[in-house]
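Accompanying notes for the structure given below.
The values are calculated or read from the model by the stated rules, or taken from the named source; none is laboratory data. Note that the structure is predicted; figures quoted are calculated from it, not measured. Quick reminder, even Gly has a Cβ in these numbers, built from the backbone with ideal geometry, and neighbours come from all protein chains shown.
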Amino acid sequence: MSTMSTQTATPELRLWILEQAQAGHSPDAVLQAMQQSGWDEDVALAALEQTLEDFLASRVHPSPQPSVPAQPAQTAQRPPAVPVPEPDLAQSPATLRLPDGQVVRVVVSMRDPRVVVFADLLTDEECVALRQLAAPRLARSETVDNTTGGSEVNAARTSAGMFFGRGETALIARIEQRIAALLRWPVENGEGLQVLHYRPGAEYKPHYDYFDPAQPGSATILQRGGQRVGTLVVYLNTPEAGGGTIFPDVQLEVAPVQGHAVFFSYDCAHPGTRSLHGGAPVIAGEKWVATKWLRERRFD
Ligand code: PD2
Ligand code: ZN
């Protein structure tokens, strides 16, 4: 840090930062608000970056897994299973007609890990509109180096992202209702939609979306809505090449196609769920996704 300061980030400040990010405010806006309420710029920036980094790290980043053969599910110390979102596929339907009239096709259904690929979840118009709404609010992918005053690309963050507030616009509310009906999970248990934008070469390294209870930051995060129990990644465009969503434990790759979506659930915070997944590098073109994370309880 270039400035000595006696100010430090309190747990309350860190929680506030996370809430602002979840509510859809850009890091720049959060930084500005912190400065307006008297925080030194360097301290505010450091607290902001550390809090967001800790938040990301609280999702487990394992060492690379052997690619073959698939590991048997780990059962030791596996916490008890909790209810998870689940589409109504009991009769193996080819399509699901949702209450708003959207007819979604079921493309792939896998039991372990629980993964379902849908086509036609969003219309082309909805995908375009979401991209346009998100684009001006994407977080910068560069971080300022306080010692040199220059900027550097953070290697761990190769995509840019933003959060919408839940029900923020009529379009967002309609999409959230559609997802709730598809996955039979209350709208209130969903986090705000996150939009990510990847450029060529950008990727999302394999990770689990649940919060690691062993991480110090997790207790605070889990107070609001409990654990994540399911993820829906919706593709908002079709990259020219690359950018699939991969599940390394079962060597599955889902092709990103505009309007399609991949759903996966995890009934406990344990690698035995085989929910390890990542975004493969984009080879050509760009990639846009909207992610909806589903919590155990109301996420208010
Ligand atoms: O963009 C993806 O394919 C992807 C991959 C892994 C998104 C996420 N995780 C996520 O948003 O959690
Ligand atoms: Zn993920």
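Quick notes on this structure:
- Checked across segment 187-194, the condition of being outside any loop (DSSP other than H, G, I, E, B), β-branched (Val, Ile, Thr) and within 14 Å of ligand 2 (Cβ to nearest atom) holds for no residue.
Residue-by-condition table, conditions (1) in contact with a helix residue (DSSP H, G or I) (Cβ under 9 Å, 6 or more places away or on another chain); (2) modelled with pLDDT under 95:
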position: 41; (1), (2): yes, yes
position: 46; (1), (2): no, yes
position: 51; (1), (2): yes, yes
position: 55; (1), (2): yes, yes
position: 63; (1), (2): no, yes
position: 68; (1), (2): no, yes
position: 91; (1), (2): no, no
position: 128; (1), (2): no, no
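- Restricting segment 166-204 to residues that are basic (Lys, Arg) and over 14 Å from residue 234 (Cβ atoms), the residue that is surrounded by the most Cβ atoms within 10 Å (Cβ to Cβ) is 166.
- Condition check for residue 269: over 15 Å from the mean Cα position of the chain (by Cα), surrounded by fewer than 21 Cβ atoms within 10 Å (Cβ to Cβ), more than 10 Å from ligand 1 (Cβ to nearest atom) and aliphatic (A, V, I, L, M): no
- Residues (among the basic types (Lys, Arg) and assigned to a strand (DSSP E or B)) located in segment 79-113: 97, 105
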